[in-house]
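Q: Structure provided below as structure tokens; questions to follow.
Where a number appears in this text, it was derived from the coordinates with a stated rule and is not lab data. None of these values were measured; they are calculated from a predicted model. Because the Cβ atoms are built from the backbone with ideal geometry, glycine has one as well, and the counts that use them run over all protein chains shown.
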Amino acid sequence: MSTLAQTSLLDRFFSPKEGSASRNFFLSALWWSLLGMGAGMLAASEFSMPDLIRNVPQLSMPHLRMWHVNAVAVGWLSMGYVGSMFHMIPTLCKCKLYSERLGNFTMWAWNLVMTGAFCTLLNGNTEGREYAELGAILDTLVVVGLVLTAFNLYMTIVNRKVKKLYVSLWYFLGSLFWFPLVWVIGQRTFVSLPGLNDAIIGWFYGHNILGMWFTTVGVGMMYYLIPRYVKAPLYSHGLSMLGFWGIALFYAPTGTHHITQSPVPEWLKAIAIISSIFLLVPVLTVLTNFFMSMKGKWGQVVTDLPLRFAVTSCMFYLVTCTQGPFQATRWVNWYLHFTQWVVGHAHLALLGTFSFILTSSFYYSIPRLTGKQWHSEGLIRAHYWLKFLGFLLMMSSLTTAGLIQSAGWAMGMPVDQWGLQIRPYWFLRTISGIMIVLGQCIFAYNTYKTLFTKPSGADVKAKAAREVKV
Amino acid sequence: MYGYRLGAIGIVTTFFIIIFSTVLMPMVLFQPKPSGRGNDYKAIDAKIADAERGRKIYVREGCFYCHTQFTRIQDRGYGPLVKEGDYVYETPHQLGTARTGPDLTNEGGRFPSEWQKAHLITPRVVKPGSIMPSFSYLSEGDMNDLVAYIQTLGNKRTVTTFVQAPDEYLLTTMQGRGLAARKTVDTNSDAAANAGRGIYTQNCAACHGLEGRGNGPNAITLEKKPPNLTRDYYKQYPDEFWFYRISEGVVGTRMPRFQEVLSEEQRWYLVAYLKTLPKEHEETVNSLDDLNVAEPVHLPKLSRQQWEPHHGKE
């Protein structure tokens, strides 16, 4: 009897049930997204109302910002990505995940990291390195999480039942190989480098957490989802390979374009800027591939909401990746650096592109993992419009604010002169933050209603739909 | 599985080539020597406040999200340019990414410590329109250390020119040489300053006040307040910069373009007068010995209550 109780406890937390690891990762990602985006919204409102909260160190703007960045990057996006991979890789390999128990264990480790981050970052226990704020213990735990994820997924691919690797798997395999290395190099936890070398490595990492993880996994997800939504084969396998190798070659050396006007070596800046411009090649090939695959199927965005999220994501990817090379060039960087334009650009990549594709994957995967149809399509629509319009508002207000700031710097005006001029844009950004967080809350409510109030096994048909042809 | 051996080798090789070229190579090839112009955190007596601990508080409070610590060629008014060797002992680096607030590379000594401290507690009282969060939750010791850190920023970078007028006012361009050739006023003479006084009273005093302290009667109605021209900062304005400011006004404020109203000669007289405005917080010493023992930084003896209007008892 006691053995039975123990087993059930073990099964409860480290369930061997198929699809449970993926589902739990998705749910944790959703939870941390609420806290992370909420912190972002609160920080944004402190820009327009600086005296909103006083004497609470945990809620002061810089602490909220640390938590916001780590929560959405390590919590929401990364956990959601792992959840998506736990669903997509077994499907593409036509086999089960190597170990669901290990997957659930990884999920708990990752949640432990996020809980630790929540407790430390809001109290200012930071390493003081942008995007690498987490302390030594948490850094190590993240590496454990990444390595376990990579092991689990590599073993799944080894056990696969199809011979040929679809292009999504290339992206996933590549990312799982290089991202743990980028993380280890970038954290600089146990080394103390002289200032500018610290900055060079810092930006190698700061750009590659985006380039070698969010972009490559995100694009892999797009490759998986879009042909499935439109039920059409991928336009060109050759183009997809060109895109993959283009990203692998040109993304990693671009980091130094973040510090083109600091006294770091010129040759390094040159490598970074040239690679940044060459990035147009993979980006345009990838998007050509998607858009050609959608040929004749564009009308489906009207009815297919996950597809609409994915197409919006591709469109924002086009904008963010044409902005990027352009603002990495020396003159434009000279003008735009240090301003809110860059903040807008960062949100365009992480919120506009990768958060949208993750949301799309979420809406696509959950019915297939749990066998339950979404509680309400109207709520999905509401989520889409709040997130889309909120994001457009955020992007336009930050870009405008950035242009005002750049004009101010170029004319040699001190901060407190143009600072007054961008107050309306801070306000608009607060509104946009409220819209996005509201959308996310609707998303969470819809997920809750779907998973926890419907009797299980209500829609058996949806579960069967998981077995699609590759 | 084995069909992908070449691909796997390709990915691993590509990645390590990139790591080699952009991570390892800079570590080997780029090893700047200390320039001797980096920040000297020992400049302030540890008994008064600990600037190195202040740096940790700067990191802890996340100041670097809004304040940068490197000056660029195009920045006007942020002091000397930084060089590679200035950052040798700065780890973790605090270069920063966004300038939502001003650059702090050479912030040390720009404002009195009392001002810095008041600014940390109630930013909008000392700097209207600022959106800096209040750090009133810092303890007395933390605050003093943080102020000490701010005051040491750039303390080894000697100031040559803080601000420079645009090229067309300098001797490096044809227009600038033409301007200098037409200049007949000796801006260092008392006579020229005396001539400028009347021009100042008629055109400037309504906003800038009779002594240039920024407290003229019109100041109360302006959202961007006129500056206090007696501050140390304005004492290092070169003539051309004064002339440029008077001629072209200040964008974003109500300061007009006086080249529409005043002749070149009148503007030079005005420059001569502005240079004679009194200097705020001026301290005089009687001998060079006194100068050498003067403390570089006076740390505040203010209690927090003085800056907290609603705090209650003193």
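Q: Normalised radius of gyration for the stretch A:1-133, please: alpha carbon Rg relative to 2.2 N^0.38 Å, two decimal places.
A: Numbers: Rg = 18.2 Å, N = 133, 2.2 N^0.38 = 14.1 Å.
Normalised by 2.2 N^0.38 Å, the Cα Rg of the stretch A:1-133 equals 1.29.
Q: Return, for the Cα atoms of the stretch B:117-194, the radius of gyration and Dmax in Å, separated by a comma.
A: Using the Cα atoms of the stretch B:117-194, the pair Rg, Dmax is 21.4, 58 Å.
Q: Roughly how tilted is helix A:2-13, in degrees to the nearest 10 and between 0 and 90, from the longest Cα axis of chain A?
A: It works out to around 40 degrees.
Q: Is any residue of the stretch B:117-157 close enough, with backbone N under 20 Å, to a label point placed 7 angstrom from the Cα of residue B:56 along the Cα-Cβ axis, and if so, which?
A: B:137-153
Q: Now for a separate question. If you average 1/r over all unlike Cα pairs in the stretch B:1-119 and invert the result, what Kirkwood radius do you get in angstrom?
A: Values: mean 1/r = 0.0565 Å⁻¹.
Result for the stretch B:1-119 stands at 17.7 Å.
Q: Would you compute the Debye intensity of chain A from its alpha-carbon atoms alone, equal scatterers and no solvent, and pass along log10 I(q)/I(0) at q = 0.08, 0.09, 0.10, 0.12 Å⁻¹ to two decimals?
A: Results for chain A at q = 0.08, 0.09, 0.10, 0.12 Å⁻¹ read -0.46, -0.59, -0.74, -1.09.
Q: What's the average, rounded to a whole number, of partner chain beta-carbon atoms within 10 Å of each residue's beta-carbon in A:171-177? Each step should come with its number before you reach the end.
A: Details: counts 0, 0, 4, 6, 0, 0, 4.
Across A:171-177, the average partner-chain Cβ count within 10 Å equals 2.
Q: Just order A:257-265, A:162-170 by mean Cβ neighbour count inside 10 Å, highest at the front, would you? Could the numbers behind the result be given before it?
A: Working: A:257-265: 21.3, A:162-170: 17.9.
Per-residue mean Cβ counts within 10 Å order the peptides as A:257-265, A:162-170.
Q: Residue separation times 0.36 nm, minus the C-alpha to C-alpha distance between residue A:7 and residue A:143: what's the value? Could you put the intermediate results ahead of the total?
A: Working: separation 136, 0.36 × 136 = 48.96 nm, distance 2.89 nm.
In short, 46.1 nm is gained.
Q: Compute the relative contact order of chain A as a whole-number percentage, counting only Cα pairs closer than 8 Å that sit 6 or more residues apart in sequence. Mind showing how you got there, number by number?
A: Numbers: 650 pairs, mean separation 75.0, N = 470.
Worked out over chain A, it gives 16 percent.
Q: Taking the convex hull of the Cα atoms, report for the stretch A:166-337 its projected area averaged over all directions, in nm². Present the calculation step by step, with values, prior to reporting the outcome.
A: Values: hull surface 42.7 nm².
Seen from a random direction, the Cα hull of the stretch A:166-337 projects 10.7 nm² on average.
Q: Right, next: Please report the orientation-averaged projected area of the protein assembly as shown, defined via the convex hull of its C-alpha atoms, in nm². Could you put the intermediate results ahead of the total?
A: Numbers: hull surface 160.3 nm².
Result: a mean projected hull area of 40.1 nm².
Q: Any idea what the relative contact order of the stretch A:166-337 is, in percent, if you count C-alpha pairs under 8 Å spaced at least 6 apart?
A: Details: 181 pairs, mean separation 41.9, N = 172.
The value is 24 percent.
Q: What is the helix-to-structure angle for B:190-203, meaning the angle in degrees between its Cα long axis and the longest Cα principal axis of chain B, kept from 0 to 90 and rounded to the nearest 10?
A: In chain B, helix B:190-203 runs at an angle near 90 degrees to the longest axis.
Q: Sticking with this one: What is the projected area of the convex hull of the Cα atoms of the stretch B:167-274, averaged over all directions, in nm²? Mind dumping the intermediate values first?
A: Details: hull surface 27.1 nm².
With every direction weighted equally, the projected area is 6.8 nm².
Q: Next question. Is there a simple number for the mean count of other chain Cβ atoms within 10 Å of the Cβ of residues in B:58-69, and what is it?
A: 5
Q: What is the Cα radius of gyration of the stretch A:235-384 over 2.2 N^0.38 Å, N being its residue count? Can you show the working numbers first?
A: Details: Rg = 18.3 Å, N = 150, 2.2 N^0.38 = 14.8 Å.
Normalised Rg, Cα atoms only: 1.24.
Q: What's the whole-number percent of alpha carbon pairs in chain B lying beyond 26 angstrom?
A: Value for chain B (Cα pairs over 26 Å): 60 percent.
Q: Please sort A:70-77, B:245-252, B:84-91, B:20-27 by packing, taking for each peptide the average over its residues of neighbouring beta carbons within 10 angstrom, highest first.
A: The packing order, highest mean first, is A:70-77, B:84-91, B:245-252, B:20-27.
Q: Below 8 Å between Cα atoms, with a sequence gap of 6+, how large is the relative contact order for chain B in percent?
A: On the way: 423 pairs, mean separation 57.3, N = 314.
Relative contact order, chain B: 18 percent.
Q: Averaged across A:244-256, how many Cβ atoms of other chains sit within 10 Å of each residue's Cβ atom? Walk me through the numbers on the way to the answer.
A: Numbers: counts 2, 4, 0, 0, 5, 4, 1, 1, 8, 6, 2, 2, 2.
Average neighbour count from other chains, rounded to a whole number: 3.
Q: Give me the number: length gained by fully extending residue B:206 to residue B:171, i.e. 0.36 nm times residue separation minus the C-alpha to C-alpha distance, one decimal in nm.
A: So the extension gain works out to 9.3 nm.
Q: Could you let me know the centre-to-centre spacing of the stretch A:232-266 and the stretch A:69-84, using Cα atoms, in angstrom?
A: 22
Q: Provide, for q = 0.31 Å⁻¹, the log10 of I(q)/I(0) from a solvent-free Debye sum over equal Cα point scatterers in the stretch B:58-103.
A: The computed values of log10 I(q)/I(0) come out as -1.21.
Q: At 222 nm, what value in deg cm²/dmol follows for chain B if DSSP H runs of at least 4 each add -39500 (n - 2.57) and the sum is divided by all its residues, to the nearest 500? Don't skip to the end; give the middle numbers.
A: On the way: 13 runs with 114 residues, N = 314.
Dividing the helical sum by the residues of chain B leaves -10000 deg cm²/dmol.
Q: I've got another one for you. In this model, which of A:297/A:449; B:42/B:224; B:225/B:279; A:164/A:372; B:127/B:279 are farther than 26 Å apart at the alpha-carbon?
A: On the way: A:297/A:449 31 Å; B:42/B:224 38 Å; B:225/B:279 19 Å; A:164/A:372 31 Å; B:127/B:279 20 Å.
Correct reply: A:297/A:449; B:42/B:224; A:164/A:372.
Q: Any idea what angle helix A:377-410 forms with the longest principal axis of chain A, computed on alpha-carbon atoms, 0 to 90 degrees, nearest 10?
A: Compared with the principal axis, the helix lies near 20 degrees.
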